[in-house]
Structure formats: C-alpha cells, structure tokens
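The values are calculated or read from the model by the stated rules, or taken from the named source; none is laboratory data. Nothing here was measured: the structure is a model prediction, and the numbers come from that model. Positions of Cβ are backbone-derived with ideal geometry, glycine not excepted, and every protein chain shown enters the neighbour counts. Heads up: the accessible areas ignore ligands, DNA and RNA and are worked out on the full protein's heavy atoms, side chains in. Shrake-Rupley method; radii C 1.70, N 1.55, O 1.52, S 1.80 Å.
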Amino acid sequence: MSTIPEKAAETVTPARKPAVPAEKVKPKGYSNPALQAMGIPRLRLPSRNWSIFWAVLGLTTGGIVYDKYEQKQLRKRWMSYVQPQSEAEVAPNVKPRRLTIFIAPPPNDFLTESLRYFKRYVKPVLNAGGLDFEIFTSERQGDIRVHVADQIRDLRRNATAFKQVELVKQKNEAYKRSWGYWFSKFNVFKKKEVVDPNATKSVKQCYTPADVFGINYKTKPMAVEYEDAQFENPHDAGGIICVGRGVYKEYMRGVHEGLLGPLEQPKVEIVEAVEQVVVEAETSAAIPTLDTTLAPATDEASKSDFRYNGDVDDLPNANLKSKPPVKAPYISAEDYATATLAPEFNFSTTIRDHNNVPVFFELPIFVLRIPNILGFLNSPQRIYRFYTKRWIADEFNKGAVAVALNAKRPFTPADADLALVEETDWPKKWVASGKEKASEWTRDFKVDHRVTSRMFVYDATLLELGEKKDQT
C-alpha cells in the first residue's frame with residue numbers, strides 16, 4: 001500500500017516591527033554657570049575647513065591692515081618734523097622754495113607706478129614742509145636727457161646774449177661821456193619824433209587785471225620775490241628729485257651734455273656708408289653703373305644713419321601727430337675728458353638766472369629707487385614686499401625730510417651709483433635688449449669731475465632729529 005508524503009511544515013517568519021526613528025542627541029548643557037546666567041548657549045568651534053578659511057582670511061587681512069596702519073603712523077611722524085616750516089610767516093609777494101622732480105616709468109611698466117610711489121610717500125611730506133615743486137614726466141628713454149641739455153644750452157645762449165648787451169651798455173655810457181653826445185643833444189637841426197595822439201594801444205598797455213579788480217587801489221603793487229634768491233648759502237635753494245635710477249642717469253647725462261657739449265647739434269656724416277657700398281659694388285662679379293649703385297645705397301644709408309635734428313619736416317614720412325624721435329646726444333661719454341666746460345659761464349661764482357635764483361644744475365640732488373619687480377618666478381618676493389611697504393614708506397619719507405631740511409653733502413665719485421640696487425629688479429630680458437640697442441638706461445654711465453665738483457647730494461643719514469614722544 002503506497003504512502004503519500006506529508007507536506008513539509010511551512011516556516012513562518014515573525015512580522016517586522018516598524019523602525020523607530022532615533023532620538024536626536026541633545027547638546028550638552030551649559031559648561032559655565034556664567035554663560036548660563038547670561039543666556040548664552042555653549043560655544044562651539046567651527047569645523048576644520050571653516051577654521052582654515054577664517055585663519056587664512058584673518059592673517060591676510062590683518063597683515064594688510066597692520067601695514068597700512070604703520071604707514072600712516074610713519075607718515076605722521078616724519079611730517080611732524082617739517083611742519084614748523086609751513087607754519088612760518090611769509091610775505092604775500094614771496095614765492096616759496098621750489099623743487100624740480102623728474103619721473104619716468106620703471107622698465108616694462110607704466111608711468112602710474114612711479115607716480116604712485118611719489119604721491120603716497122614723498123608728496124605728503126613736501127606739502128607738510130610748505131615746499132613748491134614742478135614735475136617733469138616722460139614715458140620714453142632720452143626725453144629727460146634732452147630736456148635738461150636743452151635748458152642748459154638755452155642758458156648758455158642767454159649768457160652770451162647778456163654779455164653782448166653789457167658791451168652795448170658800456171659803449172653807450174662811454175658815448176654819453178664824450179663831446180659828441182652833448183653836441184647831438186643840443187643840436188637844434190635834429191628832427192623831433194612826432195607822436196601820434198590817436199595811435200591805438202593794446203589792453204595790457206592801458207591797464208592790468210589788478211587795476212580792474214581794484215587790488216592796487218589802496219596798496220601799492222609789490223614786486224615778486226623768490227625765497228630761493230634769499231638764501232645765504234645758494235645750495236640751500238630749490239632741489240632736484242629723481243624718481244628712479246634710470247631717471248638719475250638721464251639727468252646726469254643731460255647736465256654733462258649741456259655743459260660739455262656744443263651749442264649746436266653736430267651733423268651726421270654718411271660718407272662711410274657710401275664708401276662701403278662702392279667697395280661692395282667693385283668686388284661683385286657684375287659691376288653695375290654708378291647711377292644704379294649709389295642711388296639706392298644712399299637712400300638706405302640715410303635711413304639707417306638718420307638722426308633727428310629738431311625739424312619734424314626733415315623726418316622721412318613724418319607723422320605730425322606722433323612724437324618726433326629722441327635727439328641723439330651732442331657728445332659721447334668718451335669725449336667728456338677732452339671737452340671744454342661751458343665757456344659762457346663764470347664758474348668762480350654761483351650761476352644764477354635773471355631772478356637771481358641759482359640755476360637747476362647748481363642745486364642738490366636726491367635719488368629715489370623704485371622697488372618694482374616683475375615676473376611669476378618673483379612672486380614670493382613680490383608678496384613679501386606687498387606686506388612690508390612700511391619699510392619703503394619709511395625710506396621715502398625720511399628722504400623727503402632730508403630734502404625739506406637741506407641735509408646735504410658734496411658729491412663724491414661713489415654717488416654715481418646712487419639707487420644702484422634698483423637695477424637688480426630690472427627684467428633680465430629687458431636689460432639684454434637694452435644693451436644690444438645701447439639704450440639710455442643700460443649703457444655705461446660716466447661722470448666728469450669738473451661737473452660733479454659743483455654738485456651736492458641730499459643724505460638722510462645726516463639728519464639730526466629729536467625723538468618726539470607724542471608720535472609713535
């Protein structure tokens with residue numbers, strides 16, 4: 001009899017209970033009874049990432065704020081030393097001491113970079129000292145040299161004309177002491193000059209703006225006087241500030257060119273270029289005619305050896321809207337030793353202009369270095385300088401105080417290297433390119449003792465300043 005297998009007992013799984021959400025862990029209570037009394041919950045630190053972010057942000061911002069604060073304190077401190085000069089009483093007809101400032105852009109950068117250093121660190125001190133100044137800016141190499149040399153050449157021409165006028169005056173005085181003068185004075189047959197009463201006159205000959213506004217109605221007009229003409233020591237008058245090593249080189253070359261060079265630009269000869277073309281034509285296989293050889297060669301030589309002589313019309317294909325090229329020097333540095341020092345001037349005394357003010361090349365010089373460094377590889381150095389501008393501000397402010405207080409000394413041969421450290425910041429490729437082109441800033445720099453022996457240099461190390469307790 002067959003048996004039917006029984007069904008396997010089914011396994012019954014118990015039903016799962018619904019998951020109960022875990023209760024949130026309540027933050028611990030107050031850790032300090034004082035905080036509990038004030039109702040302040042427990043303070044917790046931010047996460048690691050937020051801690052790093054706030055730490056970096058706080059350090060960078062704090063470094064900038066601290067550096068700005070130190071710059072402000074240093075500026076106040078140095079301005080306090082020259083403040084008494086601006087508070088001194090000056091007559092209304094006296095023009096204050098006047099400085100001349102030359103500024104040019106650093107290599108591979110813009111003029112605003114140099115102006116920024118001057119406006120931030122030098123100008124406030126000069127204004128606090130009550131000094132007047134004029135600024136000459138240039139964006140091309142050579143403009144400052146040409147400007148300085150042209151001014152000196154104009155002074156030399158004026159000195160020659162003044163000597164001729166003096167000779168005419170002496171002749172007239174000698175004539176007045178002669179019998180011929182008295183005979184001509186009492187000559188009854190001499191025709192008298194007829195003056196037309198209806199002749200027109202210019203407005204300036206009739207009256208001045210001061211007469212219109214009644215400025216001189218109660219008081220008499222006062223002649224303009226210059227403070228620079230009243231100094232007992234002529235080297236205390238005025239001053240020269242060169243912002244940048246390259247500017248200093250151009251200024252010194254301009255002074256040497258004006259005092260040692262000729263009054264007129266020497267003519268540029270192109271004979272050597274023509275002779276070279278003739279020799280090449282003779283050595284060639286097929287010798288062309290004279291017309292076909294010299295005509296094109298002369299044009300190329302004139303283009304390559306052309307020098308600007310002052311007239312825009314002489315430039316080939318000149319564009320009147322663009323600036324003319326910089327004039328070539330009238331004398332090279334190698335010819336300084338054999339050149340004659342300006343014979344128009346009397347160097348036994350201080351050379352002065354028509355206002356009895358010493359001319360600018362008789363004034364002391366102060367040179368400021370521009371700490372401008374470029375390049376991605378110099379980023380660490382640039383970051384360090386960005387956070388330590390207070391040291392640059394202190395250096396520039398102190399130099400401006402030396403100018404205002406006339407802390408100076410005679411020029412020495414070592415002063416030819418003033419602000420030489422700035423050249424280490426110049427881009428290497430720019431320097432190499434400048435040496436190939438013999439640019440103004442990279443060529444050899446030489447000075448002549450006859451010129452520098454009359455110069456003075458402002459030196460901040462000569463300052464004798466008392467410490468001020470109220471300024472920190």
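With the simple model of a label 7 Å out from the Cα in the direction of the Cβ, Arg44 to Ala174 spans 10.9 nm. Potential lengthening of the chain between Leu35 and Leu463 amounts to 148.4 nm, from the contour at 0.36 nm per residue minus the alpha-carbon distance.
For Arg443, nonlocal amide neighbours, meaning residues 5 or more places apart or on other chains whose placed amide H falls under 5 Å from its own, do not occur.
A Förster radius of 25 Å, combined with the Cβ-Cβ distance separating Gln151 from Glu225, puts the computed FRET efficiency at roughly 0.60.
Take region 100-182 with all the other protein chains still there, run a 1.4 Å probe, and you get 56 Å² of accessible area per residue.
Just to confirm, what accessible area per residue do you get for region 339-472 at 1.4 Å probe, in whole Å²?
Details: 7460 Å² over 134 residues.
Accessible area per residue, region 339-472: 56 Å².
For region 388-472, just say rounded, prolate or oblate: build the C-alpha gyration tensor, square-root its eigenvalues into a ≥ b ≥ c, call rounded for a/c under 1.5, and beyond that prolate if a/b exceeds b/c, oblate if not. In terms of gyration-tensor shape, oblate. Among 241-252, 429-440, sorting by the average number of other beta carbon atoms lying within 10 angstrom of each residue, highest first, gives 241-252, 429-440.
Provide the packing ranking of 385-394, 88-97, i.e. peptides ordered by the mean count of other C-beta atoms within 10 Å per residue, highest first.
On the way: 385-394: 16.0, 88-97: 11.5.
Ranking the peptides 385-394, 88-97 by packing returns 385-394, 88-97.
Averaged over residues, the count of other Cβ atoms within 10 Å places the peptides 110-123, 354-367 in the sequence 354-367, 110-123, highest first. If the segment from Gln73 to Leu59 were pulled out straight at 0.36 nm per residue, it would be longer than the present Cα-Cα gap by 3.0 nm. Stretched out straight at 0.36 nm per residue, the stretch from Asn355 to Phe213 would grow longer than its current Cα-Cα span by 48.4 nm.
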